[in-house]
Structure formats: C-alpha cells, structure tokens
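Novice: Pasting in a structure now, in structure tokens, and then I'll have a few things to ask.
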Amino acid sequence: MIVNIRNRRPRYEVRTITMALAAALSSAAVAEEAETLEQVDVIGVTPTHGVGLPKEKVPVNVQSATAEDLDRQHNLDLSDYMNRNMGSVSLNAAQTNVLQSDLQYRGFTVSPLLGLPQGMSVYVNGVRVNEVFGDTINWDLLPESMINSINLIGGANPVFGLNTLGGALSIQTKNGFTNPGLMGEAYGGAFGRIVTNIESGGNNGTLGYFLNLHNFVEDGWREDQPSDAFNIYGTVGWHTAASTLDLQYFHANTDLTGNGALPIQQLEIDRESFFTAPDITKNHLRMLNLEGTHWFTDTVQFSGNAYYRYNRTDSFNGDGTPFEECEFIEGEFLVAEEDAFACDGTESIAALTPDQQEELVRDEAGNLIDGDFDAVNNKSERDQRGYGGSAQTTFLNDIFGRENQLIAGTAYTQGLVEYRSLVEAAQLDANRVTTRTGIVIDGEDTLLNANTRTWSLYLTDTFSITPEIALTLAGRYNNTRIQTTNVGDPLDEDGDGVDDLSGDHVYTRFNPAVGITWQAMPAVNVYGSYSESARAPTPVELSCADPDAPCLLPNAFLADPPLEQVVAKSFEGGARGQVFGNINWNLGGFYTTNVNDIIFLSTGGVTGNQGYFDNVGDTRRTGMELGLSGLWNRLSWFANYSFVHATFEDAFLSSTPNHPLASPDGTLPVEEGDRIPGIPQHSLKLGADYHLTQAFSFGGDLVFNSGQYLRGDEANLLDTTDAYAIVNIRGEYRFGRHVSAFAVIENLFDTDYETFGLLGEANEVFPNFTDNRFFGPGAPIGGWVGIRISM
C-alpha cells in the first residue's frame, strides 16, 4: 500500500494498527512525472479504523506481522506465532491444549481461563473482544487464517481503554481489497491433527467481498484429548476515494478438551496421561461489526464502528471431590468440613447440632450423599452478549506551520451475562474419568446475571516540534458500572438483608499519557513515554472476592464485596533504527507499576482452583527488550531477547494451603520483591528462512524460556520450573505459481519440558503421592505435511 504521509488525506485509506507498507519505485523514464513518496510503516494510534502515524512518531515499542509472515511459518494459531517470534512473549500450557494457552507479555496475562488477572486489551477491527465475564480471550475464536495484520503495542496506552495495563494487541482481518484471490490449504499429521482452510476474495474497485472457512480437528497428544474448531469469517465492503464501509461477520463453533497439569510423580511415569477427566470447553460465537470512514475535507476524517457480539461458553470439568468422607453410626457420608465431626463412627446424624447439620452434603431432594462419591462434575453455562460502538474525528491541520495530528473520540460498550452452574456428585472410574450420576449437590449451584457498561472519551495529539522531534499527548476518561444480580437462592450470610452475591459498583478514572520521539539520525530513532491505564474488576472477580466464602472456579460464587480498580503506571524508553542498510534493530526498557493489583489466592481444591480474588497492593514489571532482524542475500533472519522481572511490591499474607511449607492455617507471608509466579525472566527467540532456489525454501526457529515460580508459591520458597529450549523446522516447495507443498516439525529433538507449574492436592486422587507440585507438560515432537493451492 502506498501512503503519502504529508499533511493531507492519504491517497489510500490506512487501516488502524497496520501494516508494513511496500515501497513505491518509479523508473527513470517517468521519474519527473511520478510523485516521490516516503517509505514508512504506519501504526494506528487508536483502536478505531482511521489514520495512523509513521512508526517513528510512536513513542513505544511496536511489533508487527502481516498475513505473509503468518503464512510463512505455518503456525497453528496466533498465540503460537507470537510465542515463537515476538519479544517479551511466552506461553503457559495450563490446559495443554494448543488453542487454550495463557499468553504472557511483559509479565501481563491474556488467557481463556477464568481466575487469571487479565492485563492486555485485544481488538479485532476496532472491537474489544475481551469476554464480558472475566476479560478473557479465546484463541480458538481468532483463527490465523482470517488475519491480515497484527500490531503488539507496548505500554499502558490509555487510548486503548480498559485492560491495557501491559499492552494492546490489535488485529486487522482480511477483505476483498487487501486479499483478493482464491486459496485452499490442507495439512495433517501427528496427534491426528487435520487442518483445512479455504478463502476467496475480490473487488471491482468499489465493491469487495472476502470469505474464509477454517476447520481444525485433532485427537491431541495426550490421552482422551480430542478437540475441534470450525470458524467462518466473511465481509463485504464499499470503498471509494472519500469513504469506506465494511460489514463483517464472525462465526465459530469449538469443542476443546484440556487435560491440564499433572502431579510431578505422575509426570515421571507417563507424560501423556491425565490427572482427572474430562475438562471440556465449548464456545459458540456470533459477531457482526460495521465500520466505516469518511473524509469531509483533505484534513478532516470521521471514522467509527458499531458491533454486536454473542458468545456462549459451556464447560464440563470432572475433578476430585472438594468434600470430605466422614463415618457416622448410620454410614459414611460426605461433609463440607471434616473437623466439625468426630468421623470415627461414634456420632449419630440425628444427634448433630444445627451447625453440624449445615456441614452435611446433600442433594437437591435433601438426601445425604454417600461417601463413595469421590469426585464431582462442575458444569457451567455463560451467555455473554456485548454491543456498542465508537466514533472519532481526525484533524490533520498544521499548527504554527508544523505537522499535527489530533484525534478525538468516544466509545460505548454494554455487556450482559447470564451465568449458570451446578456441581454433580460423581465417582472416578478405573481410568480416573468421572461418571455421570444426575445427583446435583444442594447449595452448590449458582444463577448469576451481570450487566457491565462503559462509556469513554479519548484524545490523542501528535505535534511535530521540529521535523525530527514529535510530542504526543493523550488521555482517556472511562466510566464503568458493573451490576451483579443473584437470580438463584438468596444468600445473606451476614444477616443484613442484602443478598451477598448481588452488587452495584462504579469505577471512573482519567488516564493520561505523554511521549516524545526524536529522529536523532536518519537511521536512529529515539523514543520515551509515560502512560497510565486501568482495569475495573470483572464480574467473576467481584463475585468471588470474600476470603470467608471462597469459590470454586469457574463455579460456586458466593459473595460480592468491593474490589479496587487496578491502575498501571508505565515508563518506557528506547531506540530503534537500521544499520548496514538491511538490519533493523531495537533496544528498549519498561518500568510498569500496578497499583492495587488483583490476583487469585487459593484456599485449596484438588488442583488449587478454590479460592478468592483480592487486591494485594502494588506489583511491578521491569524489563528490557532487544530485537534484530535482517535480510542477507536469500536469508531472512530475526533474534529477540527479553528480560522481565515481575515482583510483588507490598508484603501480604498469601493463602496457599497446598504449599508444603504453609503454616497450620494455610498461609505464607509474601515479602516485597518476591517474584510473581508464572513469568519467566529470560526469553530468547531465534529464527531464519533460506531460499535455496526460487522454488524451495526452508527455515526454523528456536524458543528459550528460563524457569518460573509455581502458582501458589508466591513466597518463592520452592524451586522454579526448569529452563527449556525448543527447536522447530519447516520447508516449502513451490510447483509453479499456484501450487506449493510444505512440511513442519515441532520440537525437533523431542525435548521433555514444562511450561508452568502450580500447587494442588495430588493425594486426593493418588493416595500414595506425597508431592503437591503439578506441572504443565509441553508437547512432544510432531510433524505435519500439507498442500496449498492459490489462484
């Protein structure tokens, strides 16, 4: 795409948060008639489709990729590509399902799992797609095949709204103007994985269309781990010199099995086994987005969007029982708290006190549940509806004879959640798979509705003080209201006449930012910035924030006490440029403090998933990033190193009863400076592709991550996970212009490695196990071959 970056309307529309632009070269014969255009990378500075800025005027580190980059490496999904290519990014395979990874960026998390503090905002064509209930991100709803470009923008940029604590990921999808043509692709191989993809796009200069069908099926590399995902993406568009209008539709049906982490003693016996099963998550997505732009004059542009999004998530998780077996005169039955009884067969149920009677576990008919039920099935349904839109105006008028870009906008989002859950008594069979009984445990069901509403005003202005120096001032005001309503049995443990699970919370804040860039030399650009952003507590956090009433994720919410919103304050600085004509480099650092950070504190549970959310004071992420990339003859290569030091900055008492060194009440003191679990300090990415001939190319990459502390070991008293390095290779052969074959091998040396760890109760399922450490094993060696046909 050719862009004239002088102070008037771009010749072609600039998609927000895109894209590496091709240079326009004219021959000597027409040089006098051709207009000389500057070769630039244009980066969007707001989530909304509109006019961007040259990368040299953006005062933070930005990492970008195009559809061609994604196609070249044949990664399975977007999170996999980011993990293998981008600085300060790592993955935790908490579910060991390739489409359910926790992604860490600069020590901030974006994940599909409830219970993790989400620290990034994710946008698709200007629509924030963090889920309503827990700000989670479902990677299975973002197939790589529909993506035209991505930008990963560092820092707490307030213009990108809620959750932009560590950064923002903005995705632009394909359309008939950017990706015309017909393409079909299929590949298969290890783990029973078969992936097929078909896309078609075109335009007549004014009207365009694009359609993508993507299907994924696999058996999984671990026992009983089948998954499938089917995605449809389509768009129609109308583009003229002054206006654009695009209507997009997103559709997905996915069925994912995640077998989760294994006790270390089981891991040493069989890495492919599971602890308990099943653990199934199903997503059903429908989304419409209408976005458009219009140039009123050569220097004034309006842009905006309106969307509707619906996602239903059904989960079914079989687990060991959180209840205790207790022997009475009448027999063995389940109780919620074993210490309330003698449990030696001497007590009679009929003689129990009222408080003791409440500790007995019963079904919905009031019958006691037999002690032989050693497992439970946690079932939940989440209907999440979101709608809203944004509108902004861009002004490109000079000020005092200097280039200036001013953008003023507003946004509104509404989210509605209907949450239903229940707990079914079950038994573990000989293979540790839970049975279905239909026995619903009384008092463990939850019926919760949530309503979230956020409206915002934002402003960003970039002024060229001199041709080499640009100053950016920005800010955003957010007003968020979160209402939770218990529509099940009333809960009033404190007797104040107010339902414990219902609540009404309002969070407001203005977040500022200032940044400066300096083109010190033609090949050296220096940048620096300070920014603030915030995230409001989510409905799931507000509904599970009472240490006296811990919940079982993702079920059984019991109380709605207030939580403070989290505010990130971030400094960033660095330099970037080019040396020797074809080597791009960047070197930078960041220093981000989260005020009133929220984390999940475990109070127990077989896999540590019972607990509550709490503000634990300040946390800090400090780090540096070094990136290199280049092109030499037929070789393209890159290297990214990052250091991330994530720490607690306030001492607090952590609830961690599964910790082997915990005090009798299940707590441990966390000191200032202790590292936050789940985040590797050192990360290194190396990669290269070589074109041996015009038809044949091959390449590979290496990913190294250092060890990390286990979740539940916030006090840093246990060993970290082991560091690991994984090598992947690939090759492609082109049979002319339209047909190519490719092959991929991941984990070439079949390395045994673990991407994260946590503390649980291994002896609840394996009585002889004495080590409470669980680890998420990485996938073994796997290979796939495929064919692509394009026209």
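The values are calculated or read from the model by the stated rules, or taken from the named source; none is laboratory data. These numbers were taken from a predicted model, which means no experiment stands behind them. Positions of Cβ are generated from backbone atoms using ideal geometry, with glycine treated the same way; all protein chains shown enter the neighbour counts. When the accessible area is computed, the model is the full protein with side chains, heavy atoms only, and any ligands, DNA or RNA have been set aside. Shrake-Rupley method; radii C 1.70, N 1.55, O 1.52, S 1.80 Å.
Novice: List pairs: first residue in the stretch 279-306 and among the β-branched types (Val, Ile, Thr), second residue open to solvent by 50 Å² or more (accessible area, probe 1.4 Å) and part of a strand (DSSP E or B) anywhere in the structure, Cβ distance under 7 angstrom, at least six positions apart or on different chains.
Specialist: Pairs that qualify, where the first residue is among the β-branched types (Val, Ile, Thr) and the partner is open to solvent by 50 Å² or more (accessible area, probe 1.4 Å) and part of a strand (DSSP E or B), are THR293/PHE302; THR299/PHE395; VAL300/PHE395.
Novice: Are any of the residues in the stretch 710-732 out of contact with any Cys (no Cβ under 6 Å at 6 or more places or on another chain), without any contact (Cβ under 8 Å) to a residue 60 or more places away in the chain, closer than 23 Å to LEU76 by Cα and open to solvent by 40 Å² or more (accessible area, probe 1.4 Å)?
Specialist: Within the stretch 710-732 (the criterion being out of contact with any Cys (no Cβ under 6 Å at 6 or more places or on another chain), without any contact (Cβ under 8 Å) to a residue 60 or more places away in the chain, closer than 23 Å to LEU76 by Cα and open to solvent by 40 Å² or more (accessible area, probe 1.4 Å)), the answer is yes, since at least one residue qualifies.
Novice: Could I ask something else about it? Could you tell me whether GLU199 is of a type in the set (Asp, Glu) and not in a loop (DSSP other than H, G, I, E, B)? Give the derivation first.
Specialist: Numbers: of a type in the set (Asp, Glu): yes; not in a loop (DSSP other than H, G, I, E, B): yes.
Yes: the conditions hold for GLU199.
Novice: Within the stretch 245-274, how many residues are surrounded by fewer than 21 Cβ atoms within 10 Å (Cβ to Cβ) and among the hydroxyl-bearing types (Ser, Thr, Tyr)?
Specialist: 2
Novice: Show the residue pairs meeting these rules: Cβ distance below 7 Å; 6+ apart or different chains; first residue within the stretch 335-355 and without any contact (Cβ under 8 Å) to a residue 60 or more places away in the chain; second residue surrounded by 14 or more Cβ atoms within 10 Å (Cβ to Cβ) and part of a helix (DSSP H, G or I).
Specialist: VAL335/GLU359; ALA336/GLU359; GLU337/GLU359; ALA340/GLN356; ALA340/GLU359; PHE341/GLN356
Novice: Could you tell me which of the residues ALA306, ALA277, ALA242 is out of contact with any Leu (no Cβ under 9 Å at 6 or more places or on another chain) and either β-branched (Val, Ile, Thr) or open to solvent by 10 Å² or more (accessible area, probe 1.4 Å) (or both)? Outline the logic, then answer.
Specialist: Working: ALA306 fails: out of contact with any Leu (no Cβ under 9 Å at 6 or more places or on another chain); ALA277 fails: either β-branched (Val, Ile, Thr) or open to solvent by 10 Å² or more (accessible area, probe 1.4 Å) (or both).
None of the others qualify; the one that does is ALA242.
Novice: Every residue in the stretch 754-791 that is open to solvent by less than 60 Å² (accessible area, probe 1.4 Å), farther than 30 Å from PRO180 by Cβ and among the polar types (S, T, N, Q), please.
Specialist: Keep residues of the stretch 754-791 that are open to solvent by less than 60 Å² (accessible area, probe 1.4 Å), which gives 754-762, 765-766, 769, 771-772, 774-780, 782-784, 786, 788, 790.
Checking the rest, the ones that are also farther than 30 Å from PRO180 by Cβ come to 754-762, 765-766, 769, 771-772, 774-780, 782-783.
Result: THR755, ASN772.
Each row is one residue, and each column tells you yes or no for (1) at positive phi; (2) in contact with a His (Cβ under 9 Å, 6 or more places away or on another chain); (3) open to solvent by 20 Å² or more (accessible area, probe 1.4 Å); (4) without any contact (Cβ under 8 Å) to a residue 24 or more places away in the chain.
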site: ILE147; (1), (2), (3), (4): no, no, no, no
site: ILE153; (1), (2), (3), (4): no, no, no, no
site: PRO158; (1), (2), (3), (4): no, no, no, no
site: TYR187; (1), (2), (3), (4): no, yes, yes, no
site: ALA190; (1), (2), (3), (4): no, no, yes, no
site: SER200; (1), (2), (3), (4): no, no, yes, yes
site: ASN212; (1), (2), (3), (4): no, no, no, no
site: ASP219; (1), (2), (3), (4): no, no, yes, no
site: ASP224; (1), (2), (3), (4): yes, no, yes, no
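Novice: Taking PHE775 and the conditions (1) out of contact with any helix residue (DSSP H, G or I) (no Cβ under 8 Å at 6 or more places or on another chain); (2) closer than 30 Å to LEU428 by Cβ, which numbered condition does it fall short on, given that it satisfies the others?
Specialist: All conditions are met except number (1).
Novice: Take PHE613 and tell me if it is within 27 Å of the chain's Cα centre (by Cα), open to solvent by 20 Å² or more (accessible area, probe 1.4 Å) and of a type in the set (Phe, Trp, Tyr).
Specialist: Values: within 27 Å of the chain's Cα centre (by Cα): yes; open to solvent by 20 Å² or more (accessible area, probe 1.4 Å): no; of a type in the set (Phe, Trp, Tyr): yes.
When the stated conditions are applied, PHE613 does not pass them.
Novice: For the stretch 656-708, enumerate the residues that are more than 24 Å from ASP722 (Cα to Cα), free of Cβ contacts under 8 Å to residues at least 24 places away in the same chain and either open to solvent by less than 70 Å² (accessible area, probe 1.4 Å) or not in a loop (DSSP other than H, G, I, E, B) (or both).
Specialist: Of everything in the stretch 656-708, those that are more than 24 Å from ASP722 (Cα to Cα), free of Cβ contacts under 8 Å to residues at least 24 places away in the same chain and either open to solvent by less than 70 Å² (accessible area, probe 1.4 Å) or not in a loop (DSSP other than H, G, I, E, B) (or both) turn out to be SER663, THR667, THR693.
Novice: Also, I was wondering about something else. In this structure, does GLU625 turn out to be more than 21 Å from LEU563 (Cα to Cα), open to solvent by less than 30 Å² (accessible area, probe 1.4 Å), of a type in the set (D, E, K, R) and modelled with pLDDT of 95 or more?
Specialist: Values: more than 21 Å from LEU563 (Cα to Cα): yes; open to solvent by less than 30 Å² (accessible area, probe 1.4 Å): yes; of a type in the set (D, E, K, R): yes; modelled with pLDDT of 95 or more: yes.
So GLU625 fits the description; yes.
Novice: Just one of SER636, SER602 is among the small types (Gly, Ala, Ser), more than 26 Å from the chain's Cα centre (by Cα) and over 23 Å from GLN519 (Cα atoms); which is it? Can you show your working first?
Specialist: Working: SER602 fails: more than 26 Å from the chain's Cα centre (by Cα).
The match here is SER636.
Novice: Within the stretch 422-455, which residues are polar (S, T, N, Q), under 28 Å from ASN763 (Cβ atoms) and surrounded by fewer than 22 Cβ atoms within 10 Å (Cβ to Cβ)? Steps first, please.
Specialist: Residues of the stretch 422-455 that are polar (S, T, N, Q), as a first pass: 427, 431, 434-435, 437, 446, 449, 451-452, 454.
From what is left, the residues that are under 28 Å from ASN763 (Cβ atoms) are 427, 431, 434-435, 437.
Within the stretch 422-455, GLN427, ASN431, THR435, THR437 meet the criteria.
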